[in-house]
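Quick notes on the structure that follows.
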Amino acid sequence: MPSALILIANGTEEMEFTIPYDTLVRAGIDCTSAFVPSESEVGLAYAGGWGINDVTVTCSRGVRIVADTTLEALLAEPTPKVYDIVIVPGGAKGAETLSQSVQVQRLITDQYSAGKLVGMICAGSLAAKTSKLPSQPLTSHPSVKKDLESSFEYKEDSVVVSGSLITSRGPGTAFPFAFKIVELLCGEAKVKEVRSPMIFPAGVF
């Protein structure tokens, strides 16, 4: 069974987290969400620390989500699991936290170097720059275009696939982003199987 690690921080955009998570689960992909604290949150006393399970995250619009675990806990395992894809959602505050995290940067670099998939959506694409991924085609939310266009071949397509890097633009492109990940991990037939009972109006995308 393919596996996905979906990162989340306080300020993560809800749709960019929940739509990929939900869609991938429907495709039979084993999904794990991992909380990443901001620099100011590191070391805060929170029921014994951030290295525990069941951390409640407050997203960009106030929706609260309980993460499956923390990135700290995953990386502390004797043999950390290797996922088929690591996904970085956006949301201005959340994307800043994720892209500036040294642990996230190392995770992305290792994932990319191993030829495994890396997905980034909206401002989450900033992590491609902070992780020093090679210059290549990508996209993002327009608000961070200026931060990326000098280092990458910037595109304005809904979803951009460049080797093992998959990027997308924002909440409105979260479904195409998720379906592209399903296609790459499970094939086009699985996309059709998952999409049909979701009842999208004709011509939505």
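The values are calculated or read from the model by the stated rules, or taken from the named source; none is laboratory data. Computed from a predicted structure; not experimentally measured. Heads up, the Cβs are rebuilt from the backbone with ideal geometry, glycines too, and the neighbour counts pull from every protein chain shown.
For this structure, a couple of remarks:
- Residues of the range 20-38 that are more than 15 Å from Val66 (Cα to Cα), touching a strand residue (DSSP E or B) at 6+ places or on another chain (Cβ under 9 Å) and either modelled with pLDDT under 95 or not in a loop (DSSP other than H, G, I, E, B) (or both): Pro20, Leu24, Val25, Asp30.
- Candidates Ser125, Ser140, filtered to the one that is within 15 Å of the chain's Cα centre (by Cα), farther than 16 Å from Leu5 by Cβ and part of a loop (DSSP other than H, G, I, E, B): Ser140
- Residue among Asp110, Asp157 that is farther than 25 Å from Ala27 by Cα, without any contact (Cβ under 8 Å) to a residue 40 or more places away in the chain, among the acidic types (Asp, Glu) and surrounded by fewer than 19 Cβ atoms within 10 Å (Cβ to Cβ): Asp110
- Candidate set from the range 1-15 (those that are at pLDDT 95 or above and assigned to a loop (DSSP other than H, G, I, E, B)); member that is farthest from Val55 (Cα to Cα): Pro2
- Meets criteria (closer than 25 Å to Glu14 by Cβ, under 12 Å from the mean Cα position of the chain (by Cα) and touching a residue at least 60 places away in the same chain (Cβ under 8 Å)) for Leu98: yes
- Subset of the range 52-82 [charged (D, E, K, R) and assigned to a loop (DSSP other than H, G, I, E, B)]: Asp54, Arg61, Asp68, Glu77, Lys81
- Looking only at the range 39-69, and only at residues there that are polar (S, T, N, Q) and at pLDDT 85 or above, the one that is surrounded by the fewest Cβ atoms within 10 Å (Cβ to Cβ): Thr56
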